[in-house]
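One structure below.
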Amino acid sequence: MTTTRRDTDSGRALQGLESGRSSVRLRAALELGTTPDPRFVDTLIARCAIEPEFFVRDMLTWALTRHPVSVTLPRLVREVRSERAQARSQALHTLSKVGDRQAWPAITRSLLSDADPEVARSAWRAAVVLVPDGEEGALAAVLATQLGRGGRETQLSLSRALITLGEVIVPTLRAATADSDPHVRVHALATQRLLRDPDAGFEFAIEEAKRVVALGGAGQEGR
């Protein structure tokens with residue numbers, strides 16, 4: 001069988017993914033996306049699971065989005081069940097970029113509440129992209145179970161995901177402002193504020209919510 005120049009270049013790019021230099025890996029991922037070949041999808045996905053550099057992982061995701069959905073989707077759905085947290089997180093991130101709602105059943109409640117914050121955040125972002133019409137309210141209810149979780153970055157990610165769903169989140173947030181956990185109440189109030197005023201800023205919204213909770217209030221914000 002004759003080896004084409006494309007095969008030679010692709011082979012070189014595949015080797016480049018294993019380089020110890022991140023710039024070489026980045027260029028390799030770019031090449032594999034520029035000339036997509038379904039034969040290399042498994043290799044790209046496998047590299048996502050172990051690639052240490054964010055910007056290289058992002059290029060790997062771009063390369064995967066350049067391939068046919070019929071090839072990438074089943075493999076990505078399988079990858080979200082991986083035991084490796086980075087594999088789950090990056091597969092979810094890639095699914096959110098692919099944007100095909102056929103992947104929705106793979107966004108399970110266990111992923112939305114994954115113990116690893118990066119996985120959970122990726123699941124939240126994917127969920128609000130892939131959720132079918134009419135199921136936004138049910139998704140909001142599941143996402144609300146994560147209110148109050150983690151630090152500022154994690155909480156901001158959840159607030160952004162909820163706000164993406166729009167006004168359907170209002171009843172869920174209102175209920176959360178009466179939660180017994182003050183961290184949940186603060187996060188719910190802050191998210192309400194951002195829904196009403198996206199320019200308020202998350203830090204401001206959180207500090208304002210803390211004052212409301214400290215004063216024993218919530219009802220005014222929930223209306």
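Data table
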| quantity | calculated |
| --- | --- |
| V119 vs. criteria crowded, with 22+ Cβ neighbours inside 10 Å and within 19 Å of C48 (Cα to Cα) | yes |
| Residue in region 211-219 that is touching a residue at least 24 places away in the same chain (Cβ under 8 Å) and charged (D, E, K, R) present | no |
| Set P68, P171: member being loosely packed, with under 15 Cβ neighbours inside 10 Å, out of contact with any Leu (no Cβ under 7 Å at 6 or more places or on another chain) and not assigned by TED's automatic domain parsing to the domain that holds G201 | P68 |
| Residue list for region 31-68, restricted to those being closer than 11 Å to L17 by Cα and of a type in the set (S, T, N, Q) | T43 |
| Within region 23-115, helices (runs of 4 or more DSSP H) holding 2 or more residues that are touching an Asp or Glu at 6+ places or on another chain (Cβ under 7 Å), free of Cβ contacts under 8 Å to residues at least 24 places away in the same chain and among the aliphatic types (A, V, I, L, M) | none |
| All positions within region 44-64 that are surrounded by fewer than 16 Cβ atoms within 10 Å (Cβ to Cβ) and β-branched (V, I, T) | I50 |
| Conditions (1) assigned to a helix (DSSP H, G or I); (2) at pLDDT 95 or above; (3) charged (D, E, K, R); (4) surrounded by fewer than 22 Cβ atoms within 10 Å (Cβ to Cβ): number failed by R185 | (4) |
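Let's see how each residue does on (1) within 16 Å of S113 (Cα to Cα); (2) over 21 Å from the mean Cα position of the chain (by Cα); (3) surrounded by fewer than 15 Cβ atoms within 10 Å (Cβ to Cβ):
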{"site": "V142", "(1), (2), (3)": "yes, no, no"}
{"site": "S159", "(1), (2), (3)": "yes, no, no"}
{"site": "T177", "(1), (2), (3)": "no, yes, no"}
{"site": "L189", "(1), (2), (3)": "no, yes, no"}
{"site": "L215", "(1), (2), (3)": "no, yes, yes"}
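The values are calculated or read from the model by the stated rules, or taken from the named source; none is laboratory data. Model, not experiment: these values are computed from the prediction. Counting neighbours? That spans all protein chains shown, and the Cβs are built from the backbone with ideal geometry, glycine included.
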